[in-house]
């Protein structure tokens, strides 16, 4: 199906490029609407593939790897000619494959994906959607790479810092942009896995100011729930990185619990998160 969609979209794009000067405004709008419909199909297939990877990865992975991965990878192979929507669809597809795929698939894809992620976060203006998606994908990779083996750590930290420096519109008064919240998420994953082997890169100041000091995350509900749950799980697991940040960790936990209690309608904790923070609160009491 996607091959047919790809061919039809290419035909529409060729018509626009070749005959735009001869088309009237209505014909141009019809062609552009047709291209937009093709992009929506790619988005829908990407979302279905993501659900399959999360719920039935072992069964779905062989087909997704052989049939869909080459198609979605094409946008990155033709980076300069791909639209932002095409690149975002490919990035979102890669996120699910990288996060929920087998070790074999991850090891195959991660080196190629991280190259394209860094490419998406450099060179001129980077949109909020692109920054949010790319930095999330980088966090997914960082969390799965074994400690001491992430050879692009310094570049990854610079990517996180780049997102922090952008003036993306916040989602609401008193909140940050979703891109910045996802940058905090990515940094947290770097901290959990790679601090012990790279203390000169993941410095105490960076951990306190750009990670612990920015909790809770309240701009991206879905990612906020995931970040808070993982934070609690890392405390329960007695991650050694927290030993040098006991006061900051305790303060971050208190802020998360307070916000969740005072504004339950924002649901910054899911049920699993609530249970985890009850346990954390007792551990830190």
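Quick notes on this one:
The rows are residues; the columns are (1) modelled with pLDDT under 95; (2) buried (at least 19 other Cβ atoms within 10 Å of the Cβ); (3) in contact with a helix residue (DSSP H, G or I) (Cβ under 9 Å, 6 or more places away or on another chain); (4) more than 17 Å from residue 118 (Cα to Cα).
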{"residue": "140", "(1), (2), (3), (4)": "no, yes, yes, no"}
{"residue": "154", "(1), (2), (3), (4)": "no, no, no, no"}
{"residue": "160", "(1), (2), (3), (4)": "no, yes, yes, no"}
{"residue": "165", "(1), (2), (3), (4)": "yes, no, no, no"}
{"residue": "169", "(1), (2), (3), (4)": "yes, no, yes, yes"}
{"residue": "173", "(1), (2), (3), (4)": "yes, no, no, yes"}
{"residue": "181", "(1), (2), (3), (4)": "no, yes, yes, yes"}
{"residue": "186", "(1), (2), (3), (4)": "no, yes, yes, no"}
{"residue": "193", "(1), (2), (3), (4)": "no, yes, yes, yes"}
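Residue-by-condition table, conditions (1) surrounded by fewer than 18 Cβ atoms within 10 Å (Cβ to Cβ); (2) without any contact (Cβ under 8 Å) to a residue 40 or more places away in the chain; (3) in the same structural domain as residue 170 (by TED's automatic domain parsing):
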residue	(1), (2), (3)
227	no, no, yes
242	no, yes, yes
246	yes, yes, yes
268	no, no, yes
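- Qualifying residue in region 215-224 (condition: within 24 Å of residue 276 (Cα to Cα), within 15 Å of the chain's Cα centre (by Cα), free of Cβ contacts under 8 Å to residues at least 12 places away in the same chain and surrounded by fewer than 23 Cβ atoms within 10 Å (Cβ to Cβ)): yes
- If you filter region 73-112 down to residues that are touching a helix residue (DSSP H, G or I) at 6+ places or on another chain (Cβ under 7 Å) and outside any helix (DSSP H, G or I), you find that the one that is surrounded by the fewest Cβ atoms within 10 Å (Cβ to Cβ) is 102.
- Evaluation of residue 213 against (1) at pLDDT 95 or above; (2) over 23 Å from residue 99 (Cα atoms); (3) part of a loop (DSSP other than H, G, I, E, B) (one fails), failing number: (3)
- Selected residue [outside the structural domain of residue 95 (by TED's automatic domain parsing) and either in a loop (DSSP other than H, G, I, E, B) or in contact with a strand residue (DSSP E or B) (Cβ under 6 Å, 6 or more places away or on another chain) (or both)] from 179, 200: 200
- Test result for residue 231, assigned by TED's automatic domain parsing to the domain that holds residue 174, buried (at least 19 other Cβ atoms within 10 Å of the Cβ), at pLDDT 95 or above and more than 23 Å from the chain's Cα centre (by Cα): no
- Of all residues in region 113-138, those satisfying the criterion of being out of contact with any helix residue (DSSP H, G or I) (no Cβ under 6 Å at 6 or more places or on another chain) and in a loop (DSSP other than H, G, I, E, B) are 122, 123, 124, 125, 126, 127.
- In summary, residue 68 fulfils each of the numbered conditions (1) over 19 Å from residue 153 (Cβ atoms); (2) free of Cβ contacts under 8 Å to residues at least 60 places away in the same chain; (3) in the same structural domain as residue 41 (by TED's automatic domain parsing) with the single exception of condition (2).
The values are calculated or read from the model by the stated rules, or taken from the named source; none is laboratory data. Note that this is a predicted model, so its numbers are computed, not measured. Using ideal geometry, Cβ is built from the backbone for each residue, glycine included, and neighbour counts are taken over all protein chains shown.
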